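**Student:** Pasting a structure below so you can have a look.
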Amino acid sequence: MKNSIAEELIEFISKSPTCFHVTDNIKKILDEAGFVRLQESGEWNLEAGGRYYVTRNNSSVIAFYMPEHISGFHIMASHSDSPCFKIKENPEIGVAEKYVKLNVEKYGGMLMSTWFDRPLSVAGRLVTENEGKITTHLVNMDRDTVIIPNLAIHMNRNINEEGYKYNAQKDLLPLFGDEKAEGTFMTRIAEVAGVEEASIVSHDLFLYPRVPGSIWGPDDAYISSARLDDLECVFSSMKGFLALEHCSNVPVLAVLDNEEVGSTTKQGAASDFMRMIVTRICYESGLDAKDINRLLAGSFMVSADNAHAAHPNYMEKADPVNRPYMNEGIVIKYNANQKYTTDGISAALFKQICRKAGVPYQTFFNRSDVAGGSTLGNISNTQLSMNTVDIGLAQLSMHSTYETAGTKDIEYLVRASRAFFEAGIQCEEDGGYTIEWE
């Protein structure tokens, strides 16, 4: 059974091995759709009916439409990064004059065991200097380049019964080549990027798994791939954003970097990036600070980051009744301690949007005795306060190199995203809202 939107997602992920490639792919899609790129450092000339986008660090991107009249903002935020290994400066380590391995460090919280014994490649960006000019270059080796070999069972006989505590500096360093490979890593990277090795002054390079995504199961029910968290939400919300036909509020698509390490960077959810975009849209439209405060009071944000599906082998890990399943709809995420921002108001508004879109929804709570993670919503609200709901799509094996989700849920989020961007949410009074549909 052909599933074109799931196949399109796999292609998008394949072209997006790092946060920089995610942003570059989104830029290309926006360019083809007629969006105009703006520079933070440049002048803006916003016109009603115009479509625009801004990047920061080339790893975060925010796109928006300009309606005839600004009555608020509808923001949908997801993240471009995923847990992985970053290659350090001076990357080569020689071993016994027989091997060359690469020096790496963890980025984010991953399931380290899933990185062993599979082909890995290298991608990211190079920073070069030429006659005083600093330039960045995307690079992707796009071939089986390294592998992290496991220790044989004969040398660690108790691992299956007792487990193993992995040490990232010892156990997770990838094998690059034999003694003849010494001194060639940056040379090969430079060749792929089409730059002179001597011009490279710095880099942001990452390992990524080469196993291609797949659609599988009876009736093609499941999709498995690297980086479903959070590129499934990035892709689906972008599709809904591009499909909208009308809007009364300003629709904003935000894809932000560094969620997996806390978002406290200049391009993360804790930065002023979204706040800068919102305030500048208002100022460029002739509005003042009082108008901004009024508009934000009636604005709405959807924080879209994948959720844990109930696991068939570990059902006891899920809440007794709030346990989402793959292919059963968008997951609304709750937490009493506000690790997720969802509250009664934001949940009610989003449920209405799902009903309008004709898509199912379900709820997620952690077990009360298990601490959960956090995501973009509450962090973004420290910079730009508005009603916010945390949602995601149900998946298994989160933060593995190969995650699994439901194929039906992709289309559900596309439809809900479009309905959200097209909805006219109005704040009548504190705690009182209406949704108008054109």
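The values are calculated or read from the model by the stated rules, or taken from the named source; none is laboratory data. Keep in mind that this is a model prediction, so the values were computed, not measured. Methodologically, a virtual Cβ is constructed for each residue, glycine included, from the backbone with ideal geometry; neighbour enumeration extends over all protein chains shown.
**Student:** Based on what the data block shows, is residue 95 assigned by TED's automatic domain parsing to the domain that holds residue 181, of a type in the set (Val, Ile, Thr) and surrounded by fewer than 16 Cβ atoms within 10 Å (Cβ to Cβ)?
**Tutor:** yes
**Student:** May I ask you to say which residue of 14, 59, 113 is in contact with a helix residue (DSSP H, G or I) (Cβ under 7 Å, 6 or more places away or on another chain) and at pLDDT 95 or above?
**Tutor:** Matching residue, one of 14, 59, 113: 59.
**Student:** Still on this model: Identify, by number, the condition in (1) touching a Pro at 6+ places or on another chain (Cβ under 7 Å); (2) on the phi > 0 side of the Ramachandran plot that residue 132 doesn't meet.
**Tutor:** Failed condition: (1).
**Student:** Got at least one residue in the stretch 75-82 being at pLDDT 95 or above and over 20 Å from the mean Cα position of the chain (by Cα)?
**Tutor:** No, every residue in the stretch 75-82 fails to be at pLDDT 95 or above and over 20 Å from the mean Cα position of the chain (by Cα).
Table: residues versus (1) in contact with a Cys (Cβ under 9 Å, 6 or more places away or on another chain); (2) among the β-branched types (Val, Ile, Thr); (3) under 22 Å from residue 18 (Cβ atoms).
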{"position": "378", "(1), (2), (3)": "no, no, no"}
{"position": "384", "(1), (2), (3)": "no, no, no"}
{"position": "401", "(1), (2), (3)": "yes, yes, yes"}
{"position": "421", "(1), (2), (3)": "yes, no, no"}
{"position": "436", "(1), (2), (3)": "no, no, no"}
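**Student:** For the stretch 15-28, name all the residues that are surrounded by fewer than 17 Cβ atoms within 10 Å (Cβ to Cβ) and either in the same structural domain as residue 205 (by TED's automatic domain parsing) or part of a helix (DSSP H, G or I) (or both).
**Tutor:** The answer is 28, and nothing else.
**Student:** Answer yes or no: is there a residue in the stretch 286-304 that is out of contact with any Phe, Trp or Tyr (no Cβ under 9 Å at 6 or more places or on another chain), at pLDDT 95 or above and either surrounded by 15 or more Cβ atoms within 10 Å (Cβ to Cβ) or not assigned by TED's automatic domain parsing to the domain that holds residue 418 (or both).
**Tutor:** Yes, that holds for at least one residue.
**Student:** For the stretch 41-49, check the following and say yes or no: at least one residue is of a type in the set (Gly, Ala, Ser), touching an Asp or Glu at 6+ places or on another chain (Cβ under 6 Å) and either surrounded by 20 or more Cβ atoms within 10 Å (Cβ to Cβ) or in a helix (DSSP H, G or I) (or both).
**Tutor:** Within the stretch 41-49, none of the residues are of a type in the set (Gly, Ala, Ser), touching an Asp or Glu at 6+ places or on another chain (Cβ under 6 Å) and either surrounded by 20 or more Cβ atoms within 10 Å (Cβ to Cβ) or in a helix (DSSP H, G or I) (or both).
**Student:** Determine which member of the set 198, 190, 254 is touching a residue at least 12 places away in the same chain (Cβ under 8 Å), of a type outside the set (Val, Ile, Thr) and not in a strand (DSSP E or B).
**Tutor:** So the residue among 198, 190, 254 that is touching a residue at least 12 places away in the same chain (Cβ under 8 Å), of a type outside the set (Val, Ile, Thr) and not in a strand (DSSP E or B) is 190.
**Student:** Of all strands (runs of 3 or more DSSP E) completely enclosed by the stretch 59-116, which ones contain at least 1 residues that are among the charged types (D, E, K, R) and in contact with a strand residue (DSSP E or B) (Cβ under 9 Å, 6 or more places away or on another chain)?
**Tutor:** Output list reads 84-95, 99-107.
**Student:** Can you tell me which residue within the stretch 381-411, out of those that are touching a Leu at 6+ places or on another chain (Cβ under 8 Å) and part of a helix (DSSP H, G or I), is surrounded by the fewest Cβ atoms within 10 Å (Cβ to Cβ)?
**Tutor:** Going through the qualifying residues, I end up with 410.
**Student:** State all residues of the stretch 117-151 that are in a loop (DSSP other than H, G, I, E, B) and among the polar types (S, T, N, Q); if no residue qualifies, say none.
**Tutor:** Of everything in the stretch 117-151, those that are in a loop (DSSP other than H, G, I, E, B) and among the polar types (S, T, N, Q) turn out to be 145, 150.
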